[in-house]
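What follows is one structure encoded as structure tokens, with my remarks underneath.
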2 protein chains.
Amino acid sequence: MKEIEKTLESKSVRPTAMRILIYKYMAEKEIAVALTDIENAFAKSDRTTLYRTLKTFEEKGVVHQIDDGTGIHKYALCEPGCNCELDQDLHLHFHCANCDETVCLTEHKIPHINLPEGFIAEDANLVIKGICEKCSGQ
Amino acid sequence: MKEIEKTLESKSVRPTAMRILIYKYMAEKEIAVALTDIENAFAKSDRTTLYRTLKTFEEKGVVHQIDDGTGIHKYALCEPGCNCELDQDLHLHFHCANCDETVCLTEHKIPHINLPEGFIAEDANLVIKGICEKCSGQ
DNA sequence: GTAGCGATGCAACGGAAGTGCATTTATTGT
DNA sequence: ACAATAAATGCACTTCCGTTGCATCGCTAC
């Protein structure tokens, strides 16, 4: 618990009770979470607080936003060496068509793509859809 | 114009006036279009009709849906050899952060990715974000 | 012509992101 | 310790977009 406080403080995020809980929740779930997920997990939570917390987390580099193609904003904790804000951690994501869960495949980086003349790449997003290891093992 | 009718009929889509107009509109714009774009282009149009038209087009393989990370469903006409419904045409898309337009880079295919044990890939989506050739040339 | 089916149009719903403002909680300076 | 200040929280509301139900229109076939 103190660990989380330290982590948040090291990223200039004031460790309030709510923020620690959210961080803890995201650390326990190993998948990308949506605002609604957190809302359902904490009965007493307010959507706005969660929304702004995630926004703050994202700005301070605590989490990174994931677009898994569902159109719903999801978030995952940044790994210790995650440089997502520098576009240097272009790992890919896997979205399971069965359980609807999304996981970061942090070891898998997005390969470099040669674009046509005139196009300047700044960011990239690669999502693989299919069946995750939990669902395929059933 | 007759061309479009033929194309639609060949894909088992009844070529109504509205559908021909929508097809024409999409053919002229060379970028992915959202439902709202079409709605704004045709003053007399009804959202529902457009929505269902696009849905029909997609089912019949006239267009394919594009997720460019904005969370807005966009569509682009399928190229003559487009096998998007078979997951064999995994071309990538470029989304311009400046003009917000999305283009298909049909010549660029998504490279094969080796997934961890247990993960089964069925589909993939790769979006490069940056500045498009129109905006970078300014 | 008329029966039937597909296309269209209107209205409304629902989920999710986002914003304005008041209130509470924490921090800082004296 | 207390006031002043700033940050965090909570409530209400808006907007945007996708989606659906139902009634109506129009084409097509018999």
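Some observations on this one:
- Accessible surface of chain B, 1.4 Å probe: 47 percent of it comes from carbon and sulfur atoms.
- Signed unit charges on C-beta, dipole axis of segment B:1-129, positive-most listed residue B:63, B:114, B:8: B:8
- Taking every protein chain into account, the accessible area of the protein assembly as shown amounts to 57 square angstrom per residue (probe 1.4 Å).
- Among A:77, A:92, the order of accessible area from largest down is A:77, A:92, computed with a 1.4 Å probe on protein heavy atoms.
- Set of lysines near residue A:134 by C-alpha distance (under 21 Å), chain-local residues within fewer than 8 positions excluded: A:29, A:74
- Inter-centroid distance (Cα atoms) of segment B:1-56 relative to segment A:44-102, Å: 35 Å
- Over the C-alpha atoms of the protein assembly as shown, the Rg to Rh ratio, Rh being the Kirkwood estimate, stands at 1.01.
- The label-point distance for residue A:97 and residue A:17, in a model that sets each label 7 Å from Cα toward Cβ, rounds to 4.5 nm.
- Residues considered: A:125, A:98, A:114. Largest GNM mean-square fluctuation over chain A, using C-alpha springs under 10 Å, is found at A:114.
- With a cut-off of 15 Å on the backbone N, the residues of segment A:17-60 near the modelled label site 7 Å out from residue A:1 along Cα-Cβ are A:17-25.
- Residues residue A:117 and residue A:72, FRET efficiency given R0 of 51 Å [Cβ-Cβ distance, rounded to 0.05]: 0.90
- With Rh defined as the Kirkwood radius, the inverse of the mean 1/r over Cα pairs, the Rg/Rh of segment B:1-120 is 1.00.
- Summarising the strand pairing of segment B:2-136, around 75 percent of its internal DSSP beta bridges are antiparallel.
The values are calculated or read from the model by the stated rules, or taken from the named source; none is laboratory data. What you are looking at is a predicted structure, and each value in this text was computed from that prediction instead of being measured. When we count neighbours, we look across all protein chains shown, and the Cβ atoms used for this are built from the backbone with ideal geometry, even at glycine. Accessible surface areas use protein heavy atoms only, side chains included; no ligands, DNA or RNA. Shrake-Rupley method; radii C 1.70, N 1.55, O 1.52, S 1.80 Å.
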